[in-house]
Amino acid sequence: MARPGILIVLSGPSGTGKGTICKELLQNYSNINYSISTTTRSPRAGEVNGVNYWFIAQEEFQSMVKNDELLEWAEVYGNYYGTPRRYVADLLDSGKDVVLEIDTQGAMQVKAKFPQGVFIYIVPPSIDELANRIYKRGSDSPEAIEKRLGCVRNELTCAYRYNYIVVNDQIAEATAKISAIINAEKCRVDRNTDLIDVMGK
Ligand code: ADP
Ligand code: 5GP
């Protein structure tokens, strides 16, 4: 049987660059797959169903929760978001690494079920730069931006519960650090006991 893939969970304040980092990781590391979340949020300009998210109605989301089809789910900034369970499980079983870009509530649900996951918290170089990035992205209304910025200090305290923290100052550097973390995690003894068992015989 293939060695199971690694589950990588990325969280961090809105606008910190999680989506940008994921895109870089997917382009440069072929064994990594992105888990497309479901959400009840409306698509932003340029977002595509089945690429950025599965955009669904609230009733459909509730039915997925009821049928235990979500690995985790949470209400974030007034909308519901969740990770489809089956897709993630199939990829991990076939030896593929999977990255989840989810909020801290969801990440802690995953940690309870998958303590062997790798939990990485992404921070911006400063709060001012974070505000800059959200405004420059131009995809949220001023009210939505204020709501997101209002959550930042509270959000940051959740970082203590993660395994790694990475500052997203330069995108290439942040992505390289995450790749280094994944490579190091692949070398952990507890993920490789089969090698010792085989050679020890
Ligand atoms: P998140 O997914 O965390 O909400 P995004 O990936 O959408 O954040 O990034 C927010 C904005 O910041 C985007 O316009 C993106 O191009 C920009 N951005 C991301 N990383 C950096 C960086 N290292 N330096 C400058 N701008 C960045
Ligand atoms: P956005 O609306 O900016 O795409 O995402 C808002 C927040 O929802 C971000 O913090 C993002 O990480 C989080 N999020 C996206 N998908 C999921 C998911 O499947 N589950 C959870 N718990 N949070 C998610």
key: Unmet requirement for Ile165, which otherwise passes all of (1) crowded, with 17+ Cβ neighbours inside 10 Å; (2) among the hydrophobic types (A, V, I, L, M, F, W, C); (3) more than 19 Å from Tyr80 (Cα to Cα); (4) in contact with a Phe, Trp or Tyr (Cβ under 8 Å, 6 or more places away or on another chain)   = (1)
query = Any idea which residue in the range 62-88 is farthest from ligand 1 (Cβ to nearest atom), counting only those that are surrounded by fewer than 19 Cβ atoms within 10 Å (Cβ to Cβ) and within 15 Å of the chain's Cα centre (by Cα)?
reply = Arg85
task = Kindly list the number of the only condition in (1) within 30 Å of Val88 (Cα to Cα); (2) within 12 Å of ligand 1 (Cβ to nearest atom) that fails for Ala107.
result = (2)
ask   = Residue check, Ala2 against (1) within 15 Å of ligand 1 (Cβ to nearest atom); (2) of a type in the set (A, V, I, L, M, F, W, C); (3) in a loop (DSSP other than H, G, I, E, B); (4) farther than 19 Å from Ala144 by Cα, all met but one. Which one?
value = (1)
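For the range 48-130, give me every one of the strands (runs of 3 or more DSSP E) that falls completely inside it and has 1 or more residues that are aliphatic (A, V, I, L, M). Walk me through it before giving the result.
Details: elements: 70-76, 79-84, 97-101, 118-123.
Output list reads 70-76, 97-101, 118-123.
Suppose we keep only residues that are at pLDDT 95 or above and assigned to a helix (DSSP H, G or I) within the range 151-162. Which one would you say is surrounded by the most Cβ atoms within 10 Å (Cβ to Cβ)?
The initial filter retains those residues of the range 151-162 that are at pLDDT 95 or above, namely 159-162.
Restricting the remaining residues to those that are assigned to a helix (DSSP H, G or I) gives 159-161.
On the way: Ala159: 18, Tyr160: 8, Arg161: 13.
Once the filter is applied, the top-ranked residue is Ala159.
The values are calculated or read from the model by the stated rules, or taken from the named source; none is laboratory data. Bear in mind the structure is a predicted one, so any value in this text is a computation, not a measurement. So basically every Cβ, Gly included, is an ideal-geometry build from the backbone, and we count neighbours across all protein chains shown.
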